[in-house]
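Structure, as structure tokens:
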Amino acid sequence: MNTPKQLLEAYLEAKDLNRPPVILACYTPDAVLTYSIATDTISFPDKVLGADAIAQTLVREFRKNFDCCKTYYVCDSIVDDGERIDFIPWLVIMRQASNSALRVGKGYYRWRFKSDETRLRVRAMHIHIERMDIIEDRDGNTLRALQSALPYPWLPPATLRETFERLIQQAAGFAFLDTFMAPVGSPA
């Protein structure tokens, strides 16, 4: 993993597929994870220190609460200088394990990287959670419909908008997607 894009894809592999060792491989041992959360429908600690603690929070503990997770980077391309990505919107579609509810959320990431002699690694990551809605979906049909309709993990904003507009037109039960048609805008 020698590019920021490869590190972003590795992060999703770790989180979405429940692979904690991937976090340990692509984060520095002293990496820092911070959160800002604008909703009360989900919670995480404000700050997590160290790759192992990050793997515990983002993968092991996360997996106890959520499954069938797909996280999408909502962008046409990433802008990085090899050391940082200041803003990349995300969309998540997953199931809450305790009650089979659909969870749809959006926010943005900030990334900082560190290069040593052999590879690039994540040294800091910030996750902003703007929304995390809870939708009844006991049979999982809505989750499967949404995930199968979107390219993973790179999701161009125009594709997101077009797909959600089409789904909303097809069935009234998809009306909640209106809130998620556009990615979170860049913070001021």
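The values are calculated or read from the model by the stated rules, or taken from the named source; none is laboratory data. In this text the structure is predicted, and so the values were computed from the model without any measurement. Every residue, glycine as well, gets a Cβ built from its backbone with ideal geometry; the counts of neighbours run over all protein chains shown. Just so you know, the surface numbers come from the protein's heavy atoms only, side chains and all, with ligands and any DNA or RNA stripped out. Shrake-Rupley method; radii C 1.70, N 1.55, O 1.52, S 1.80 Å.
Across segment 1-75, the convex hull enclosing all Cα atoms gives 103 Å³ per residue. One decimal place: the segment residue 141-residue 49 gains 29.4 nm when fully extended, by the rule 0.36 nm per residue minus the C-alpha distance. Pull up the cross-link candidates among the lysines for residue 5, meaning alpha carbon to alpha carbon under 20 Å and not fewer than 8 places away within one chain. Once the sequence-local lysines are set aside, what remains near residue 5 is 15, 70, 106, 114.
Largest to smallest in accessible area, the residues 90, 154 fall in the order 154, 90 (1.4 Å probe, all protein chains included). The relative contact order of segment 133-182 comes to 27 percent, based on Cα pairs under 8 Å that sit 6 or more residues apart. For residue 3, the solvent-accessible surface with a 1.4 Å probe is about 60 Å², rounded to the nearest 10.
Run the Debye formula on the Cα coordinates of the chain, all scatterers equal and no solvent, and tell me log10 I(q)/I(0) at q = 0.10, 0.11 1/Å. Treating every Cα as an identical point scatterer, log10 I(q)/I(0) equals -0.39, -0.47.
FRET efficiency for the residue 115 to residue 149 pair, using the beta carbon distance and R₀ = 30 Å, is estimated at 0.20.
Given their separation in residues at 0.36 nm each and the Cα-Cα distance between them, residue 39 and residue 25 gain 1.9 nm when the chain is fully extended. Taking the alpha carbon gyration tensor of segment 86-188, multiplying each eigenvalue by 5 and rooting it gives semi-axes of 29, 16, 13 Å, largest first. Surface composition of segment 81-142: carbon and sulfur make up 38 percent of the accessible area, probe 1.4 Å.
The modelled label-to-label distance between residue 182 and residue 76, using points 7 Å beyond Cα along the C-beta direction, is 1.6 nm. Sorting the segments 134-140, 28-34 by their residues' average number of neighbouring beta-carbon atoms within 10 angstrom, most packed first, yields 28-34, 134-140.
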